[in-house]
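Undergrad: Pasting a structure below so you can have a look.
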Amino acid sequence: MDWKSLFSMQKQLDTYIEENHNLSEKDLFEDKYLALLVELGELANETRCFKFWSNKKRGDSQTILEEFVDGIHFILSLGIEKGLRFEAETVKQSNKLETELFNTVFENGVVFKNQPIQPNYNRLFQSYLELGLKLGFQEADVRQAYIKKNEVNYERQNQGY
């Protein structure tokens, strides 16, 4: 996937938000990291993969994709915050269960937060994309959903969100 264009779009959105909320001087890394964890939790909640005690069905594919893309926004934004970029790598289909993949993303997130360097960022991003594949999302799905959500995020900002 052409991650450069998504990084560019995210940088523009981040700048727009920071200017609108007078945050240009604030270090937002901790806030963005927490936002990623919240979004990852919301995604897990929609998949219900860990809810062994419940018979309720998982969310529909579109809702799960929207939650997944929310995470992409914050992973991109975290990289931008630290001057890091993800170069496209081949994402392999994992044999792990969804729950294991979620846990791997959480673990890689903690490592990246504590040591925000390129190899740790790559591992975080790669593990998140592996999760996306497990959830059934191809690159084209993710890109299209990201662009759509990016537009929604601008609309929200313009409406005083």
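The values are calculated or read from the model by the stated rules, or taken from the named source; none is laboratory data. Being a predicted model, the structure only gives us computed values, none of them experimental. Counting neighbours? That spans all protein chains shown, and the Cβs are built from the backbone with ideal geometry, glycine included.
Undergrad: Just to be sure, is Ala88 small (Gly, Ala, Ser) and at pLDDT 95 or above?
TA: No: the conditions fail for Ala88.
Undergrad: Which one is modelled with the lowest pLDDT among residues in the stretch 91-114 that are of a type in the set (D, E, K, R) and part of a loop (DSSP other than H, G, I, E, B)?
TA: Taking the stretch 91-114 and keeping what is of a type in the set (D, E, K, R), we get 92, 96, 98, 100, 107, 113.
If we keep only those that are part of a loop (DSSP other than H, G, I, E, B) too, we end up with 92, 96.
On the way: Lys92: 86, Lys96: 96.
Out of the qualifying residues, it is Lys92.
Undergrad: Please work out if Glu42 is more than 17 Å from Val152 (Cα to Cα), of a type outside the set (Phe, Trp, Tyr) and assigned to a helix (DSSP H, G or I).
TA: So Glu42 fits the description; yes.
Undergrad: Here's another thing I want to ask about it. Being modelled with pLDDT under 95, buried (at least 18 other Cβ atoms within 10 Å of the Cβ) and within 24 Å of Tyr16 (Cβ to Cβ): is that true of Val69 here? Full working, then the answer.
TA: Numbers: modelled with pLDDT under 95: no; buried (at least 18 other Cβ atoms within 10 Å of the Cβ): yes; within 24 Å of Tyr16 (Cβ to Cβ): yes.
So Val69 does not fit the description; no.
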